[in-house]
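Visitor: Quick one: the structure is below, questions incoming.
Every number in this text was worked out from the coordinates using simple rules, so none of it is lab data. Remember, it's a predicted structure, so these values are computed and weren't measured experimentally. Every residue, glycine as well, gets a Cβ built from its backbone with ideal geometry; the counts of neighbours run over all protein chains shown.
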Amino acid sequence: MKIGDKVFVFDDTVRQYHDDQGNKTVGCYYKAKFVLKEITGETKQSYILDGYSKVKKKEIGKIIFATQEDVDKHIWVYNNHYKIGEWVKGVKDYDKLKQIEAIVNNN
């Protein structure tokens, strides 16, 4: 990332209760919390966004994302990691659990 790049930044202060199609959501619409900003400056440890806010470089992939695809992947993980964990808890088959273990230990 460099000065002039547009990035998506997670902003927990955003409160939107409608999705992109205008449908009401049960809770706050998570995707709306990713705000497009421009990198306007840089320090050794941070990016300066839109001329005033700082985000630490180590937050790349956590709260700052380079592309919409990166944001979409983050949202998918956010929406599915708990559910998948619950599914795994219900698996009682040795072979399936060994496959899951191999996948998890490989990462």
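Visitor: Considering the stretch 15-31 alone, what residues qualify as being assigned to a loop (DSSP other than H, G, I, E, B) and either hydroxyl-bearing (Ser, Thr, Tyr) or surrounded by 14 or more Cβ atoms within 10 Å (Cβ to Cβ) (or both)?
Guide: TYR17, THR25, TYR29
Visitor: Shifting gears a bit: Among all residue pairs at least 6 apart or on different chains, which show Cβ distances below 6 Å where the first residue, located in the stretch 32-53, is buried (at least 17 other Cβ atoms within 10 Å of the Cβ) and the second is assigned to a loop (DSSP other than H, G, I, E, B) and of a type in the set (D, E, K, R)?
Guide: Matching pairs, first to second residue: LYS33/ASP11; LYS37/ASP50; ILE39/ASP5.
Visitor: On the basis of being exposed (fewer than 11 other Cβ atoms within 10 Å of the Cβ) and either among the acidic types (Asp, Glu) or assigned to a strand (DSSP E or B) (or both), does GLU69 make the cut?
Guide: When the stated conditions are applied, GLU69 passes them.
Visitor: What number of residues within the stretch 39-61 are of a type in the set (Asp, Glu) and under 24 Å from TRP76 (Cα atoms)?
Guide: 1
Visitor: Report, by residue number, each residue of the stretch 32-78 that is of a type in the set (S, T, N, Q) and more than 17 Å from VAL14 (Cβ to Cβ).
Guide: Within the stretch 32-78, THR40, THR43, GLN45, SER46, THR67 qualify.
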